[in-house]
Amino acid sequence: MTITIAALLYRPADVPEAALSRGFAVALGGWDVPAPALQIAKLPGLPDFSVAFYESGAPREDAAEHAIDLFEEELSPPVCVLDAAAELGHPDARVYALVYSEDFVHDDGWRFDLEGFERHFVRDGDDGIEAGVETPDDSDVQTLTIDVPEDASEAQESAVIDAALRPHRGTTFLSAALGVKVLPAVMRASFEVEHKVPVRLVEPTKEGVRAVTERLVRALGRSAGRGAFSPPTLASGLAAPLTVGAFAEAYDWHDPKDPEDHYRELSIGAVTGTLRFLREAEIQGFSADPAWKGREGEGYYPVAKLMASALGGQRQKGATLAVGADGDRLFLLSPGAAPKVAGPTFGELILYLALGWSRRSDAEEDLIGALMLRARLRG
């Protein structure tokens, strides 16, 4: 079996798992991958280090090419993970990245921190095997000349090539930087995975939704929990998902400075137009409205109303946004039409609003861009 490794090496004390999840999610904003996740293991030989192995969920034969392309993007996973770690209170974090394949020559090692990055690699190129060193200020890539004696055996040929590549390998660079033989350590770690971290922009839990709701309230300059209520059970017996309950408890429902509470000119996935979150009485009335007869029994819990605007036009007049039974997926419901995937999840929509009403840093610009790209792909 061939081996492909795409991983980050990091200190958990400096890089929380929330930063790993969000960082990879931002980097993957425009990539259509089925089930991205990180497999977490301790790094043998370095007790304070862990390894996060990236898995896209795509077929194994596509894994190496995808990982190479992803990690060479300007917004690569380690860059975005550092941004997320800084936002979570760890601005001095450092991460190391490794992309390695046995299918062909590819051994790419990186160091990223506040000072920039350093990269060492060998890889198959158009004219032979290339070796390179890159920093923010310089890039040196050369095609290696490897002289193999004509009468060399297969083992001798392999030894000559290995000796020529070794000084340039990413794993050689990482081994020197970390003081441990990186490839054997990472290989061993891959068999000692402790748990999985899903790659998400927002955790689909009541804690995750509460956090982004409080962020939205702060961005608006409002008071968290003002007018809070417990979302009612629908006439069908459908109870509100826990995420909706967390939102209802943390949102500001009665801001005297903005009684209409309209979010205008939205455009994220299929959510375009003007949005207003539903109050308790409006949610109760949803079940009784003839336009939605039978809809409440299908597992959709209403959370917001979409109205026409310059962006939304008339096509969404009367549309309702509803959260699925998982408390995460968001659907667009229109009278007489089949439910449509809205694009953003419930938590992602709230985060999009929070960022939209904030002065954004460069990292937050990347984050809102990723939210919009993910919503477009899902829609």
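Is at least one residue of the range 146-168 closer than 12 Å to Gly109 by Cα and either modelled with pLDDT of 90 or more or not assigned by TED's automatic domain parsing to the domain that holds Arg111 (or both)? Yes, because at least one residue in the range 146-168 is closer than 12 Å to Gly109 by Cα and either modelled with pLDDT of 90 or more or not assigned by TED's automatic domain parsing to the domain that holds Arg111 (or both).
Here's a check for you: in the range 184-210, which residue that is crowded, with 19+ Cβ neighbours inside 10 Å and hydrophobic (A, V, I, L, M, F, W, C) is nearest to Gly29 (Cα to Cα)? Selected residue: Leu201.
If you go through the range 39-73 and keep only what is assigned to a loop (DSSP other than H, G, I, E, B) and farther than 20 Å from Gly23 by Cα, you end up with Leu43, Pro44, Gly45, Leu46, Pro47, Asp48, Pro59.
The test for being surrounded by fewer than 17 Cβ atoms within 10 Å (Cβ to Cβ) and modelled with pLDDT of 95 or more does not hold for Pro47. Kindly establish whether Thr272 is modelled with pLDDT under 95, farther than 21 Å from Asp326 by Cβ and hydroxyl-bearing (Ser, Thr, Tyr). It is true that Thr272 is modelled with pLDDT under 95, farther than 21 Å from Asp326 by Cβ and hydroxyl-bearing (Ser, Thr, Tyr).
Consider the range 69-111 and keep the residues that are aliphatic (A, V, I, L, M) and surrounded by fewer than 17 Cβ atoms within 10 Å (Cβ to Cβ). The one that is nearest to Arg123 (Cα to Cα) is Ala86.
Here Ala155 meets the list (1) part of a strand (DSSP E or B); (2) without any contact (Cβ under 8 Å) to a residue 12 or more places away in the chain; (3) not polar (S, T, N, Q) almost entirely, failing just condition (1).
With respect to (1) exposed (fewer than 13 other Cβ atoms within 10 Å of the Cβ); (2) part of a loop (DSSP other than H, G, I, E, B), the lone exception for Ala176 is condition (2). Checked against (1) in the same structural domain as Ser287 (by TED's automatic domain parsing); (2) within 25 Å of the chain's Cα centre (by Cα); (3) surrounded by fewer than 18 Cβ atoms within 10 Å (Cβ to Cβ); (4) not in a helix (DSSP H, G or I), Thr272 passes all but condition (3). Looking at the range 32-44, can you tell me whether even one residue there is touching a helix residue (DSSP H, G or I) at 6+ places or on another chain (Cβ under 9 Å) and without any contact (Cβ under 8 Å) to a residue 40 or more places away in the chain? Yes.
For Gly128, indicate whether it is touching a Gly at 6+ places or on another chain (Cβ under 6 Å), assigned by TED's automatic domain parsing to the domain that holds Glu87 and within 17 Å of Glu102 (Cα to Cα). It is false that Gly128 is touching a Gly at 6+ places or on another chain (Cβ under 6 Å), assigned by TED's automatic domain parsing to the domain that holds Glu87 and within 17 Å of Glu102 (Cα to Cα). Tallying residues that are assigned to a loop (DSSP other than H, G, I, E, B) and out of contact with any Gly (no Cβ under 7 Å at 6 or more places or on another chain) within the range 6-38 yields 10.
The values are calculated or read from the model by the stated rules, or taken from the named source; none is laboratory data. All values reported here derive from a predicted model rather than from experimental measurement. Counting neighbours? That spans all protein chains shown, and the Cβs are built from the backbone with ideal geometry, glycine included.
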